[in-house]
């Protein structure tokens with residue numbers, strides 16, 4: 001039996017471990033953090049399974065791989081919300097809505113009455129919207145726990161507060177899913193900071209993620225249930241994983257108010273930030289060095305791309321498969337040559 005150690009218990013590490021375990025490999029997961037999901041970008045993810053919306057600023061590969069997530073996550077957890085994504089813009093930013101539509105597909109254009117029908121709270125606030133009916137969303141923190149439970153049921157141990165690199169000699173393969181921490185061996189990996197707010201606003205009701213387009217910040221609101229919403233927007237070229245700027249905070253709150261004034265009375269539950277791991281082209285990579293497989297560069301598409309990358313990584317290890325769309329010549333090996 002092939003023995004494999006997966007380093008990192010974020011969404012990339014857990015989905016890869018599950019893909020390997022379901023195929024009969026002997027897998028263990030090691031995580032340097034003391035608590036599951038608290039030391040990774042997965043904690044602050046939006047959880048939007050929105051491959052068509054993401055195509056607005058991403059390469060076609062994100063759409064083709066991301067569509068797998070729409071089937072994968074409902075199989076893993078039953079509480080994925082399949083209500084689509086709504087994209088709106090204020091009247092003065094109508095050109096942004098047109099631009100978004102030109103760069104995407106698989107949407108319907110809604111009139112004010114149609115917007116009010118699916119999101120009554122937004123009645124009368126926008127003259128039109130783009131509705132991506134086939135998209136969905138999930139709660140990332142719950143998803144991490146569900147993945148861990150499925151691994152536990154398959155007998156896969158998850159070792160917390162553990163240095164995974166020290167266990168290299170004990171397994172046939174090592175799968176490195178450390179995210180930005182892998183910069184120590186992946187020289188072309190960079191950080192892109194994202195900031196979020198978690199708020200409670202019982203007066204506001206939304207059934208699906210809503211994106212408010214703006215020339216400066218692509219703001220979104222994701223309902224978490226029970227009057228709780230995640231507000232997100234920023235993509236800052238920075239590896240800072242701890243601080244949020246006053247400007248970002250003000251712009252997110254102003255955007256939430258522009259979407260609906262009820263957010264002015266929201267209770268702020270949590271302010272969070274982390275740095276997403278990204279390669280120069282913002283596309284994911286699977287790289288192989290000796291008996292180590294690196295799964296990294298998921299950028300802002302962690303929950304969207306992790307299922308496809310996990311499937312591919314398992315096939316690389318167990319079937320000696322190759323996937324040219326995500327496997328390139330190693331940047332650091334090329335530099336050394």
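Each value in this text was obtained by applying a stated rule to the coordinates, not by laboratory testing. The model shown is predicted, which means the values in this text are computed figures rather than measured ones. Cβ coordinates were reconstructed from backbone atoms using ideal geometry, including for glycine residues, and neighbour counts include every protein chain displayed.
What are the radius of gyration and Dmax of the range 2-88, computed over its Cα atoms and given in Å?
15.1, 49
With the crude spin-label approximation of a point 7 Å out along Cα→Cβ, what separation in nm comes out for residue 216 versus residue 328?
3.3
Can you tell me the Rg and Dmax of the range 203-282, counting just the alpha carbons, in angstroms?
Over the range 203-282's Cα set, Rg and Dmax evaluate to 13.4, 42 Å.
Restricting to DSSP H runs of at least four residues, report the calculated mean residue ellipticity at 222 nm for the chain, -39500 (n - 2.57) per run over all residues, nearest 500 deg cm²/dmol.
-9000 deg cm²/dmol
Over the chain, what relative contact order in percent results from Cα pairs under 8 Å that are six or more residues apart?
24
According to a simple spin-label model (label point 7 Å from Cα along Cα-to-Cβ), what is the distance in nm between residue 257 and residue 154?
Modelled inter-label distance: 4.8 nm.
Please order 117, 193 by the number of other Cβ within 10 Å, starting at the fewest.
Arranged by neighbour count, lowest to highest, 117, 193 become 117, 193.
Would you compute, for the Cα atoms of the chain, the largest minus smallest coordinate along each principal axis and list the three values in descending order, in whole Å?
62, 39, 36 Å, listed from the longest principal axis down.
Going by average Cβ neighbours within 10 Å, how do the peptides 290-298, 312-320 rank, with the highest at the top?
Packing order, densest peptide first, comes out as 290-298, 312-320.
Given the range 141-276 reduced to its alpha-carbon atoms as identical point scatterers, what log10 I(q)/I(0) does the Debye formula return at q = 0.08, 0.09, 0.14 Å⁻¹?
-0.32, -0.40, -0.82
To check my understanding: the extent here is largest minus smallest coordinate of the Cα atoms along each principal axis. What are those three numbers for the range 151-228, in Å, largest first?
Principal axes ranked by extent give 55, 37, 18 Å for the Cα atoms.
Along the Cα→Cβ direction, 7 angstrom out, place labels at residue 90 and residue 61. What is the inter-label distance in nm?
Result: 3.7 nm between the two label points.
I'd like the distance separating the alpha-carbon centroids of the range 107-184 and the range 15-35, in whole Å.
Their Cα centres are 17 Å away from one another.
Exposure proxy check: 44, 299 ranked by fewest other beta carbons within 10 Å?
Listing 44, 299 from fewest to most nearby Cβ atoms yields 44, 299.
With the Cα gyration tensor of the range 37-145 in hand, convert its eigenvalues to equivalent ellipsoid semi-axes via √(5λ) and list them largest first in whole Å.
Result for the range 37-145: semi-axes of 26, 17, 13 Å.
Based on C-alpha coordinates, I'd like the Rg and Dmax of the range 190-337, in Å.
Answer for the range 190-337, Rg first and Dmax second: 19.0, 61 Å.
Please report the antiparallel percentage of the DSSP beta bridges confined to the chain, to the nearest 5.
70
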